[in-house]
1. I'd like to verify a number: residues in segment 118-147 that are among the charged types (D, E, K, R) and crowded, with 18+ Cβ neighbours inside 10 Å, how many?
2. Looking at segment 144-165, which of its residues are among the acidic types (D, E), within 20 Å of V278 (Cβ to Cβ) and more than 16 Å from the ligand (Cβ to nearest atom)?
3. Go through the residues of segment 109-128 one by one and say whether even a single one is of a type outside the set (S, T, N, Q), within 16 Å of the ligand (Cβ to nearest atom) and assigned to a loop (DSSP other than H, G, I, E, B).
4. Out of R245, R257, R253, R182, I need the residue that is in contact with a Ser or Thr (Cβ under 9 Å, 6 or more places away or on another chain) and touching a residue at least 60 places away in the same chain (Cβ under 8 Å). Which one?
5. Would you mind listing the strands (runs of 3 or more DSSP E) fully within segment 148-247 where at least 3 residues are surrounded by fewer than 20 Cβ atoms within 10 Å (Cβ to Cβ) and out of contact with any Lys or Arg (no Cβ under 7 Å at 6 or more places or on another chain)?
6. Residue under question is S2, and the condition is that it be buried (at least 24 other Cβ atoms within 10 Å of the Cβ) and among the polar types (S, T, N, Q); does it hold?
7. Within the group A18, A51, A37, A60, which residue is small (G, A, S) and not in a helix (DSSP H, G or I)?
Amino acid sequence: MSQIRLMKPYLGFDEVEAEVREIFDSGIFTRGQHVQAFADEIAGYTGARHAFLATSATTALWVALKAVGVGAGDEVIVSDFSFPASANVVEDLGAVPVFADVDPSTYNMDPAALEALIGPRTRAVIFVDALGNPTGVTRISELCRDRGVPLIEDAACAIGSAENGRRCGSIADLSCFSFHPRKLISTGEGGAITTDNADWADWLTVKLAHGAHGMKGVGLDFVDYGYNFRLPELSALMGRKQLARLDDIVADRNRVRRAYIEQLVPLGFVPQAVGDDVTYNVQSMVFTVPEGVDRDNLILRLRGTVETTIGTYALSSGTYFLDKYHTPQPVAARLEATTITFPCFDGVDVDAVADAVQAALGG
Ligand SMILES: Cc1ncc(COP(=O)(O)O)c(C=O)c1O
């Protein structure tokens with residue numbers, strides 16, 4: 001039997017074949033109808049006023065930090081349980097990532113930790129929807145508004161998630177998404193930024209077009225210097241197809257989640273907790289392992305049968321950030337050591353995974 005993989009894409013070649021041919025026939029590989037439509041559809045789906053495409057969540061986060069004016073010497077408070085990109089972008093701008101510990105059940109930024117860390121040098125806050133879970137983002141958003149600090153939501157994993165009836169992308173001041181293959185929408189690599197703020201939207205419009213705005217004679221008028229983080233037409237087409245089915249994909253992943261909870265909770269696994277008024281997209285099916293179980297050993301024992309991985313990383317405990325800042329956060333560190341991600345996709349055989357887990361624990 002072949003290994004059960006962590007993720008399979010929600011897109012088949014048949015679904016795009018005709019349009020791929022059209023793109024090749026037209027010769028328009030960038031800045032075509034699919035790019036514009038995908039950006040508009042992301043705005044429409046999330047409820048944000050403005051949406052911009054990017055090459056990844058990393059470039060989206062980087063440019064979002066630039067938009068709010070983060071630079072050398074500023075502090076940016078970052079959820080500690082995430083993929084390192086959330087803090088790398090801060091570091092790259094010469095700012096200081098200040099790591100906020102997380103709630104042990106939701107894995108998301110602890111509001112008390114945030115309050116204790118906000119100070120005169122805080123220029124922005126990056127809240128991470130850990131593994132797609134938006135629980136608590138609304139409270140953090142209110143807190144940031146009260147303190148006059150812009151909130152950037154690292155919603156890399158969270159397309160399709162919502163809290164209190166508002167979808168990720170329309171809650172924080174700026175939100176950044178990823179379309180990497182481990183996400184619910186995959187364009188190979190890709191990302192997006194959403195915002196309601198007209199000033200940041202104007203700035204992004206110019207900056208993401210190499211600094212061009214309007215015409216000067218028959219050429220472009222380069223009113224600023226800028227960047228190119230454009231998503232190609234083929235990728236935008238792939239994104240559009242999945243976005244059109246996103247709510248079904250979210251519903252499917254929640255069915256898989258319920259099946260996992262039924263099978264693994266009796267064995268002592270504890271699922272990531274989700275708030276009452278939350279739509280969770282289940283980007284990753286993550287549990288804390290039972291008391292006394294060696295997580296690394298479990299992953300190694302399952303190898304070859306079931307592909308698993310750790311939940312995600314305690315950023316402040318990674319070698320680079322630990323050596324530089326010496327600010328390890330205890331809850332995130334414990335979660336990095338005790339969480340495990342199981343396969344989650346349309347049609348995954350949860351019974352087979354549970355049997356393999358039981359065998360690995362018993363053997
Ligand atoms: C929370 C989080 N932020 C940022 C990223 C980076 O996303 P990308 O690979 O699109 O740059 C990831 C990738 O997994 C992530 O999980």
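1. Taking segment 118-147 as the starting set, the residues that turn out to be among the charged types (D, E, K, R) are 121, 123, 129, 139, 142, 145-147.
If we keep only those that are crowded, with 18+ Cβ neighbours inside 10 Å too, we end up with 123, 129.
Summing the residues that are among the charged types (D, E, K, R) and crowded, with 18+ Cβ neighbours inside 10 Å in segment 118-147 gives 2.
2. Looking only at segment 144-165, we keep the residues that are among the acidic types (D, E), and these are 146, 153-154, 163.
Now drop any that are not within 20 Å of V278 (Cβ to Cβ), which leaves 153-154, 163.
Residue satisfying the conditions is E163 alone.
3. No.
4. Details: R245 fails: in contact with a Ser or Thr (Cβ under 9 Å, 6 or more places away or on another chain); R257 fails: in contact with a Ser or Thr (Cβ under 9 Å, 6 or more places away or on another chain); R253 fails: in contact with a Ser or Thr (Cβ under 9 Å, 6 or more places away or on another chain).
Just one listed residue meets the conditions, R182.
5. In segment 148-247, the matching strands (runs of 3 or more DSSP E) lie at 212-216, 219-222.
6. Working: buried (at least 24 other Cβ atoms within 10 Å of the Cβ): no; among the polar types (S, T, N, Q): yes.
No: the conditions fail for S2.
7. Numbers: A18 fails: not in a helix (DSSP H, G or I); A37 fails: not in a helix (DSSP H, G or I); A60 fails: not in a helix (DSSP H, G or I).
So the residue among A18, A51, A37, A60 that is small (G, A, S) and not in a helix (DSSP H, G or I) is A51.
Quick grid of which residues meet (1) under 18 Å from the mean Cα position of the chain (by Cα); (2) basic (K, R); (3) modelled with pLDDT of 95 or more:
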position	(1), (2), (3)
L6	yes, no, yes
L11	no, no, yes
E17	no, no, yes
V20	no, no, yes
R31	no, yes, yes
A48	yes, no, yes
L53	yes, no, yes
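The values are calculated or read from the model by the stated rules, or taken from the named source; none is laboratory data. Owing to the predicted nature of the structure, the values given are computational and were not obtained by experimental measurement. So basically every Cβ, Gly included, is an ideal-geometry build from the backbone, and we count neighbours across all protein chains shown.
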